[in-house]
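Trainee: The structure's right below; bear with me while I get my questions together.
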Amino acid sequence: MNQTLGSLPAWIYSIWAKMYLASRRPNVLEMEISGELVERKTGINLFQKYMGKTPAAFGDLIFSLEQAESDPRIKACLARISVSSLGWARASELREAIQRFRASGKKAIAYLEESGNLEYFIATACDEIILPPCQSLDLIGLLSEVLYFKGILDKLEVKPEFIHIGKYKSAAEPFTRDSMSDEHREAMDAILDDIFQELVQAISAGRGIAPEQVRELVDQGPYVPEEALERKLVDRLMYPDQLDEYLEGMIGEPVNKINSEQYRRLAVGRRFGINLIRRMPRLALVYATGMIEPGEKDDQGTEENVNADQMVKTLRGIRENPKIKAAVLRIDSPGGNAVSSDLIWREAKLLSQSKPLIVSMADTAASGGYYIAMPGQKIMAQPCTITGSIGVLAGKFNLRGLYQKFGLKKEQLKRGADADIFSDYTDLSGSRRAKLSKEIEHFYQMFLEKAAEGRKISKQEMHLKAQGRVWTGKRAMEIGLVDGFGGLRKALELAKQAVGLLPEDRAWIEVYPRPKRRLFPVFRFRLPSLPFSDERESRWLGHFSRMAREKILLLMPFLVRIK
């Protein structure tokens, strides 16, 4: 697997890479699975490079493991696992990559620096699991929580007014209700069941414990280190300074570790000289990560979003480039602006009509995220991917009561009976509600038609599977919303096959959108996080505050977090 680095810099880097590998000869690939793990790095400036740690790229973990499988220098892999931004789908993808690395005859060791459910889920893919003598194993089962705001909104006299199509389209429920609807509970219970089953199966297969016993162990958790060792949930208790000596005994030579990002860059640089001489097939890897928004964001930070203008230009450029033979669209998005989603869908559709387009779903590809996936000739997901949510939401917050509470008043002058339909000072009732309902009904029918066309089923059948319901990748596979299981590596293999290559054949992978390089960072203004929510929830609330401007959203139900 190769990635474009740019002509002259990559050539210089390739020379240095060869010299570095020849002199250092690393033999253990070290993976830091912790903190913010973005799908791709959107760019870096000098301040980030020299004054702070930048977020790691998930792709570096996956592709470094792939490269290490056939590298005779690398004898083993050490995965240092702590709390990270990974969801269950990307954790599954990482487990698969570790298992393929082990299948090449090399050892994989997990060191649990922190040990919750998802961290242990990843660790079970390794040959051995090592726990610090002071670290408990927090294998306690899954929890999903939804924060409801109706009570505080009532006190502030803020009236949320939302219209949705699809009985499971519960994105606005935290503002309009003080408890889960039956439909939301049904969908979330199904998701919890599927993910818990994946966790149980992973522990059972990785640790050689019967599934029934695994469920009992989960109910009895957490475990102090000695208990975890006694019950064979871990293999050893060690401090970090003891790891090198243990690895040296395992591989039979002094340990020389290299981290996954550095190894990935060295491996790409090492192959660049070969690529200059031998023409290789070119594939495009396009990342669509974060909320779907109109316009093009100029600044590049750690917070990723799918910007419609940028994505449309990117997909069009790939379609018009005869040197690129196929494309993979990697989606990790809960949706967003409806019009932007449709514009991206159109360009993705045109691309799929001119060359193979494979879709790879990460943790989430729901609502607008599923909308832009529909043109793919193949849609690949993980069993734990959150997808579906084929439905539409529109509305606003009526702040008239809040204004009056603080002695504020608005005077409105208008031309047109319902010119105030999106005003935060007017009720969404009567003809205003009827007009907005008509608009979202039109968009829902369009969503259904395109989904039915993409999945080659009738519109009526798609309507029964839609209703705004969120599905796991496992259930989506059963009802025909996705084509198969597999991560980014599998999607790239399918793209190769679509242009007549074998999975093991080399291809030149061009990554889009291309990062913007800056000398200095861009400092963006952000509202402070609410004391009762994390940063992701605060960002989510910000999208609802823009409803009056964006009118219609293709957004999945609130925020699905399972921990």
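Trainee: Plugging the Kirkwood radius over Cα pairs into Stokes-Einstein for segment 441-518, at a temperature of 4 °C and a viscosity of 1.567 mPa s, what D comes out in µm²/s?
Mentor: Rounded to a whole number, D works out at 83 µm²/s.
Trainee: Note the direction-averaged projected area, equal to a quarter of the hull surface, for the Cα convex hull of segment 290-370, in nm².
Mentor: 5.2 nm²
Trainee: Can you list residues from other chains, or at least 5 along the same chain, whose modelled amide H is less than 5 Å from the amide H of residue 326?
Mentor: 284
Trainee: What is the packing order of peptides 211-222, 115-126, taking the mean over residues of other C-beta atoms within 10 Å and listing the highest first?
Mentor: Final packing ranking: 115-126, 211-222.
Trainee: Residue by residue through segment 352-364, which ³J(HN,Hα) values in whole Hz follow from phi under the Karplus form 6.51 cos²θ - 1.76 cosθ + 1.60 (θ = phi - 60°), with glycine and proline marked x?
Mentor: 3J(HN,Hα) across segment 352-364, in whole Hz: 5, 7, 9, 7, x, 10, 10, 9, 10, 8, 8, 5, 9.
Trainee: Regarding segment 87-177, what whole-number volume in Å³ per residue does the convex hull of its Cα atoms give?
Mentor: Values: hull volume 13.3 nm³, N = 91.
In segment 87-177, the Cα hull volume divided by residue count equals 146 Å³.
Trainee: Sticking with this structure for a sec: Under the rule of at least 5 residues apart or a separate chain, name every residue whose amide H is placed under 5 Å from the amide H of residue 364.
Mentor: Those lying under 5 Å, H to H, from residue 364 are 333, 386.
Trainee: Run the quick spin-label model on residue 410 and residue 201: label points 7 Å from Cα toward the beta carbon, then report their separation in nm to one decimal.
Mentor: 5.1 nm
Trainee: Cα extents of segment 329-431 along the three principal axes, largest first, in whole Å?
Mentor: The Cα atoms of segment 329-431 stretch 57, 31, 21 Å along the principal axes, largest first.
Trainee: Shifting gears a bit: Given the pairs 313/349; 323/378; 313/490; 378/438, which span a C-alpha to C-alpha distance of over 24 angstrom in this model?
Mentor: Correct reply: 313/490; 378/438.
Trainee: Given H placed 1.01 Å from N in the peptide plane, which residues other than close sequence neighbours of residue 111 have an amide H under 5 Å from its amide H?
Mentor: Hits under the 5 Å cutoff: 79, 80, 81, 130.
Where a number appears in this text, it was derived from the coordinates with a stated rule and is not lab data. Note that the structure is a prediction, hence the values are computed from the model and not measured. Cβ atoms come from the backbone with ideal geometry, glycine included; neighbour counts cover every protein chain shown.
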